[in-house]
Amino acid sequence: MEIDWPKVSAVENANSITRADCGADGVGPGACGLYAAIGEVNLKAALESAKTMQERGTFGAGVMLRGIYPHRANYYAFHVMYRNKSIAKKLEPLFTDRELGMQQFGDKEPLFTPESYRKYALPEMRRYFMSVPTKDDMMRIAQTSVEYEFVRKVVERFNDEYMGDARIFSSGKNVGTFITAMELQDTIEVFDLYQYADRPLTAFMSHMRWPTSIVSSGIWWGAHPISFLNSAIIHNGDLSSSPSNKQGLEAANVPRQIGTDSEAMLLELENLLVGRAKNYQKAEWIMCQKFPAELVAMDDNIRAEYLAEINDPVLARYKMSGPSSFVAIIGSKVIAGRDRDGLRQLWMGRSNDGKTVIWGSEEKVIYHSAWIAKKDFKAVNCEPGRLIAYELQYDGSIKGVFGETL
């Protein structure tokens, strides 16, 4: 079969490659552009480096910042998207009048700059800082006295009930996700993201390009980073295992909010590492299953342990197949990985002072960041079928705990 792959030779050497070139005679618009940084994060370096990958994507861009609300770090920052002002007026009392069972702190705040509404066609987006009620009230409202479980139930219930009209798309403590149906530069502009440059940021994520499996709730709903509470993911790829992953999550009684393969990966990781308390090695086995030749080469005892995990009727459905690379944050855990066939690139760099780790779809973004941040980095392409994990402390210090190669 002949593949109609773009001809880079069609682009004159004297000119840069632009979006207009991304067609039959240009460069392929083929894959997402993802960028993540943890530890000592330089916002300018992160945003400017991520923007160099815009040509990989079409539209739909988002940014996640951790450490963004130090003055209200003990409150849950709900970023809420409404279809329009009429729906916002109808649903806003759920947040401001305690109808969700949580107490709002301070005034409601717009997320967009006023100028943005005059320049772009935008939905309503507002921010609310929320606190939980007493344990007795949590038990009465959501049948749990565990704060994390209570807030997650509140978010899931709202998103299920008002799907198509509104969505809580960011809900963590001292963390904020910002998404648009436009390009990354537009996302930076409408949210005025550079205003957070002086905040003590400990994690950054950005992503460009639509998910390949957007659900019917609309184009604004599926942009990455996908997040709930203090967990988030950015993902480059298209899992052929998506139907099986969906069945596994349903069997594990893990509800989905968006319905994409990327969300499924985040939910699987959260279920394995937190819900089931699996270690990173077992999570890797389950999600990145071995080739037959690798299985034969394993120690007998380790092979038996491996087979016990992947033959579990539910966990067998958690296997990832198809081109994929991702970075996920689940509480203090930071996990990155590539598909076992190496069909998607994932470059990782660590600064020589050990204080910053960066991942990107392209190697250049690591050195671009290094130049802006005035740091020295060394980089490597992550090994296919392997997970890499770090622990990210509240103060931004980082520690490699699994699979680190730098």
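For the reader, a short list of remarks on this structure follows.
- Summing charges over all other residues whose Cβ lies under 13 Å from the Cβ of Leu307, with Lys and Arg as +1 and Asp and Glu as -1, gives -3.
- Only one residue of Met348, Gln393, His368 has its Cα farthest out toward the positive end of the dipole of the range 346-400, where Lys and Arg carry +1 and Asp and Glu -1 on Cβ, and that residue is His368.
- Calculated SAXS-style log₁₀ I(q)/I(0) at q = 0.10, 0.11, 0.13, 0.14 Å⁻¹ - the chain, Debye, Cα scatterers: -0.67, -0.82, -1.15, -1.33
- For the chain, a Gaussian network of Cα nodes joined below 10 Å ranks Phe178, Phe228, Phe105 by mean-square fluctuation, and the top entry is Phe105.
- Placed amide H near Met182: partners under 5 Å, 5+ positions off or other chain: Gly60, Ala61
- Close amide H pairs (under 5 Å, H built 1.01 Å from N) link Ser231 with Gly331, residues at least 5 positions away or on another chain.
- Over the chain: helical MRE at 222 nm, DSSP H runs n ≥ 4 each giving -39500 (n - 2.57), nearest 500: -7500 deg cm²/dmol
- Derived value for the range 205-343: Kirkwood hydrodynamic radius 15.4 Å. Basis is the mean of 1/r over every pair of different alpha-carbon atoms.
- Per residue, the Cα convex hull of the range 277-360 amounts to 136 Å³.
- Distance from the alpha carbon centroid of the range 52-104 to that of the range 229-270 works out to 21 angstrom.
- When the listed pairs Lys290/Lys319; Lys44/Lys119; Lys364/Lys399; Lys333/Lys378 are checked against a 20 Å cut-off, the alpha-carbon distance exceeds it for Lys44/Lys119; Lys364/Lys399; Lys333/Lys378.
- For the range 55-196, the equivalent ellipsoid derived from the Cα gyration tensor has semi-axes of 27, 17, 14 Å, listed largest first.
- In plain terms, the residue of Asp165, Asp353, Asp312 with the fewest other Cβ atoms within 10 Å comes first and the most crowded comes last, giving Asp353, Asp312, Asp165.
FYI, it's all coordinate maths here, none of it is from the lab. Just so you know, these numbers come straight off a predicted model, no measurement behind them. Every residue, glycine among them, receives a Cβ derived from its backbone with ideal geometry; neighbour counts consider all protein chains shown.
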